[in-house]
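Structure first, commentary second.
The values are calculated or read from the model by the stated rules, or taken from the named source; none is laboratory data. Quantities reported herein were computed from a predicted structural model and do not represent experimental measurements. Cβ: placed from backbone, ideal geometry, glycine included. Neighbour counts: every protein chain shown.
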Protein chains: 4
Amino acid sequence: MVQKAATREDRRTELVLAAYRQIAKHGFEGLRTRDVAAEVGVNIATLHYYFPTKEKLIEGVVEHAMGRFRTTLEARGGSADILGAYLRGVRRLLAEEPELGAVMGELALRSSRDPALGRIVQDMNETWHRTVRGLLRRAAKEGSISRDLDADPVAAIIVAVLASLSLPRASVRNSQAIHQLERWLAGDSGRDHSSN
Amino acid sequence: MVQKAATREDRRTELVLAAYRQIAKHGFEGLRTRDVAAEVGVNIATLHYYFPTKEKLIEGVVEHAMGRFRTTLEARGGSADILGAYLRGVRRLLAEEPELGAVMGELALRSSRDPALGRIVQDMNETWHRTVRGLLRRAAKEGSISRDLDADPVAAIIVAVLASLSLPRASVRNSQAIHQLERWLAGDSGRDHSSN
Amino acid sequence: MVQKAATREDRRTELVLAAYRQIAKHGFEGLRTRDVAAEVGVNIATLHYYFPTKEKLIEGVVEHAMGRFRTTLEARGGSADILGAYLRGVRRLLAEEPELGAVMGELALRSSRDPALGRIVQDMNETWHRTVRGLLRRAAKEGSISRDLDADPVAAIIVAVLASLSLPRASVRNSQAIHQLERWLAGDSGRDHSSN
Amino acid sequence: MVQKAATREDRRTELVLAAYRQIAKHGFEGLRTRDVAAEVGVNIATLHYYFPTKEKLIEGVVEHAMGRFRTTLEARGGSADILGAYLRGVRRLLAEEPELGAVMGELALRSSRDPALGRIVQDMNETWHRTVRGLLRRAAKEGSISRDLDADPVAAIIVAVLASLSLPRASVRNSQAIHQLERWLAGDSGRDHSSN
DNA sequence: AATGAATGAGAGTTCATTCAT
DNA sequence: AATGAATGAACTCTCATTCAT
């Protein structure tokens, strides 16, 4: 009852994706190697053929999640409103692939207990911060946002708001927060526009 | 009789506090009833005498964490800068009792898998939002912040930033984010003050 | 379906004895914690309640086997033919409790791979050698064996022959070997007495 | 064709030798087919191509070990001190190839659980006994040892001592035992020569 | 009110073996 | 002749829970 062999990388990826989904659904708390194997449709021993330990499988998930995040968080394109596009990009990503937010949340929490993961998450955060800061400076130069803002603290607040999107909250509130961010970035000091 | 009842409550509280600390340290992933009992110095069966199931113990932790959070998040005092005092209060709370942030993060993630907890967390979020919105309106009336801001989105962004504090990040970034928040609230549209 | 509780030491002993028998029957190769638990009639988790790991259980078996051996190998009594009594004692012990020979064999082999066990087995061997040497000297003084034998090498050969009893061999051969030993000890240089 | 068949045998032999070494090092307890295959540098499936089951591989090891033993234990040469040469031969063999002693020990223990192996080991023991007995008689005839010793019991004791060499013990004790054996064979009834 | 002893269910991991290629 | 991929069965160990005392 040996099933059709798949190529090495395919199977590895399948397993990582299944684990990724399981973590999104049940958290690390509810991650079971047997369920991961079952979702892919292979025997539990097959999982261990590719990943000698559960921890190695999790490393695979971390890599995957980080990669998924990084590619989206890189600033692409050169539109005038590149910063706005960026914010909307992150929002869309987290809306379209809710697993990503959930897994990132799990990773963030775990990072305080797992030094190796801690370094990865911190690197990711700093990269993220620098990317946003770069976008801010570019937007300021191009005049699409207030010319003389203090890039570091503003980047910090943007990253904070974006990070908070991975915590489950009413999505109305998320929309409102992003809108207000854009308004402030546009140089508006907070007057009521009656939009929510 | 009264003495006995009080003792009973004490022991329950001890257990809840131990569980609270364990969750902060090891996450739900690493929560073991035996460790909780051991931390209090009682037998595992004694724990089950007070909390028939692990889930009931967790409910106790949820109650405790929520209570801890609520009391601090209630707007107290009547100072002129009540909003600023509030922001500083939350920051101080999370700095002084880092367990609270960790546990809130764990609860937030778990809330998407546990409907009962989901309702509690959502209620908490809405209460939080309304509290901040109320403070904003009061501050606006008193003139300590820009009079004509749009309370709902601004409250949303404040809560988002405060919530993000429970995710582990470089604390410099947290400081920067809070500073920028205060600057924007003061009506400043983002010019560089060279502070970080 | 919780079974009647036994006192702590009883249960530990029961488990050690069961493991001892299992090792005698199936070797370390075939030692299964589940079988040990089953033989005692308890759940596998109960075994782990008393012995956190399989290795700790084995340590218990080592202690038991060594104790069993030591008590028999101590020279007791003060008869004239104390040495002969001793040889017959060891033979009887290994005949009456064949598990002991089997387990000692297993331990001897394992001792070359397990440093801790190695020390124990070596100590046991040296103790054994010294005991026999002491008996030889006493017997020589009393005149029951040749007065001027070289105690160390003779003790070495006796221990070697006794040790070989734990290896499975035709028991006739064992009897012959012991007889010849006694003959030589009596000062006989090897003439045919037609006994076997 | 002939070449091919030879290659096939080579590979079988390689695998048997690797298994032999593994058993010597880790005992049957620690024998893993994967490690055997790895030591030879072939895939685990290749091992099963040559030996359909682990048990068949072990049979190969038994054959090899027995062969190794038998060739050395056959009495060769015609020197005057053929018996002494023999004793020294066995000692040298076990000293030069310590794996052989370890494996023989493992086989001896296993023989009490495995009837087929049991017969082999018993045959080996009897052959051994008869060989030694033959040597004794020849030596007696030639006058190199006491003429009227009882060959069977003396052979039994010699085989017992030689067999005990495969159990791990302090090598001083082994030397002493062999010396004493030679002394007794020479007709000495046990007086102290102060040699060890 | 508290505990030591016990357990069922299930966790991650291992291993000899199989099979398509 | 040789292999990578896959598996069933079994392994040790864990954990929330129960129960008699």
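Name the residues in the stretch C:153-171 that are within 8 Å of another protein chain (Cβ to nearest Cβ) and surrounded by fewer than 20 Cβ atoms within 10 Å (Cβ to Cβ), would you?
Of everything in the stretch C:153-171, just one residue is within 8 Å of another protein chain (Cβ to nearest Cβ) and surrounded by fewer than 20 Cβ atoms within 10 Å (Cβ to Cβ), namely C:ALA170.
Applying the selection to the stretch C:133-162, what residues are in contact (Cβ under 8 Å) with a residue 40 or more places away in the chain and more than 14 Å from C:PHE69 (Cα to Cα)?
C:GLY134, C:LEU135, C:LEU136, C:ARG138, C:ALA139, C:GLU142, C:SER144, C:ILE145, C:SER146, C:ILE158
Cβ-Cβ distance below 7 Å, separation of 6 or more or different chains: which pairs start in the stretch B:47-70 with a residue that is touching a residue at least 12 places away in the same chain (Cβ under 8 Å) and end on one that is in a loop (DSSP other than H, G, I, E, B)?
Once the first residue is touching a residue at least 12 places away in the same chain (Cβ under 8 Å) and sits in the stretch B:47-70, its partners that are in a loop (DSSP other than H, G, I, E, B) give B:LEU57/B:PHE51; B:GLY60/B:PHE51.
Is it the case that some residue within the stretch C:1-16 is more than 13 Å from DNA strand E (Cβ to nearest atom), modelled with pLDDT of 95 or more and either closer than 19 Å to D:GLY30 by Cα or away from every other protein chain (no Cβ under 14 Å) (or both)?
The answer is yes; a qualifying residue exists.
Considering only the stretch A:98-112, I want to know if a residue exists there that is among the polar types (S, T, N, Q) and surrounded by fewer than 23 Cβ atoms within 10 Å (Cβ to Cβ).
Scanning the stretch A:98-112 turns up at least one residue that is among the polar types (S, T, N, Q) and surrounded by fewer than 23 Cβ atoms within 10 Å (Cβ to Cβ).
Which residue, of A:ALA102, A:ALA116, is closer than 28 Å to A:SER171 by Cα and either of a type in the set (S, T, N, Q) or assigned by TED's automatic domain parsing to the domain that holds A:SER175 (or both)?
Sole residue among the options that is closer than 28 Å to A:SER171 by Cα and either of a type in the set (S, T, N, Q) or assigned by TED's automatic domain parsing to the domain that holds A:SER175 (or both): A:ALA102.
Just one of the numbered conditions (1) assigned by TED's automatic domain parsing to the domain that holds D:ASN174; (2) at pLDDT 90 or above is not true of D:ALA38; which one?
(1)
Quick one: which of A:ARG133, A:ARG68, A:ARG88, A:ARG138 is of a type outside the set (Phe, Trp, Tyr) and within 13 Å of chain B (Cβ to nearest Cβ)?
From the options A:ARG133, A:ARG68, A:ARG88, A:ARG138, the qualifying one is A:ARG133.
Quickly run through the stretch A:17-42 and pick out the residues that are away from every other protein chain (no Cβ under 14 Å), aliphatic (A, V, I, L, M) and either in contact (Cβ under 8 Å) with a residue 60 or more places away in the chain or within 10 Å of DNA strand F (Cβ to nearest atom) (or both).
A:ALA37, A:VAL40, A:VAL42 - these are the residues of the stretch A:17-42 that are away from every other protein chain (no Cβ under 14 Å), aliphatic (A, V, I, L, M) and either in contact (Cβ under 8 Å) with a residue 60 or more places away in the chain or within 10 Å of DNA strand F (Cβ to nearest atom) (or both).
Which members of the stretch C:142-152 meet the condition of being farther than 14 Å from C:GLU126 by Cα and either facing chain D (nearest Cβ under 7 Å) or charged (D, E, K, R) (or both)?
Within the stretch C:142-152, C:GLU142, C:SER146, C:ARG147, C:ASP148, C:LEU149, C:ASP150 qualify.
Does the stretch C:31-42 hold any residues that are within 13 Å of DNA strand E (Cβ to nearest atom) and under 26 Å from C:ALA95 (Cβ atoms), and which are they?
Those that are within 13 Å of DNA strand E (Cβ to nearest atom) and under 26 Å from C:ALA95 (Cβ atoms): C:VAL36, C:GLU39.
Residues in the stretch D:12-36 that are more than 30 Å from D:THR127 (Cα to Cα) and buried (at least 20 other Cβ atoms within 10 Å of the Cβ): how many?
1
Is it the case, given these coordinates, that D:LEU87 is buried (at least 17 other Cβ atoms within 10 Å of the Cβ) and either assigned to a loop (DSSP other than H, G, I, E, B) or within 16 Å of DNA strand F (Cβ to nearest atom) (or both)?
no
Testing B:ASP192 on (1) modelled with pLDDT under 85; (2) surrounded by fewer than 22 Cβ atoms within 10 Å (Cβ to Cβ); (3) over 27 Å from A:GLU126 (Cβ atoms), one condition comes back false. Which one is that?
For B:ASP192, the failing item is (3).
Quick check on the stretch D:41-62. Is at least one of its residues outside any helix (DSSP H, G or I) and under 19 Å from the mean Cα position of the chain (by Cα)?
no
Could you please find all residues in the stretch D:43-65 being away from every other protein chain (no Cβ under 14 Å), within 11 Å of DNA strand E (Cβ to nearest atom) and charged (D, E, K, R)?
The answer is D:LYS56, and nothing else.
Which residues, counting only those in the stretch A:60-112, are over 30 Å from B:LEU100 (Cβ atoms) and at pLDDT 95 or above?
Listed by number, the residues that qualify are A:GLY60, A:GLU63, A:HIS64.
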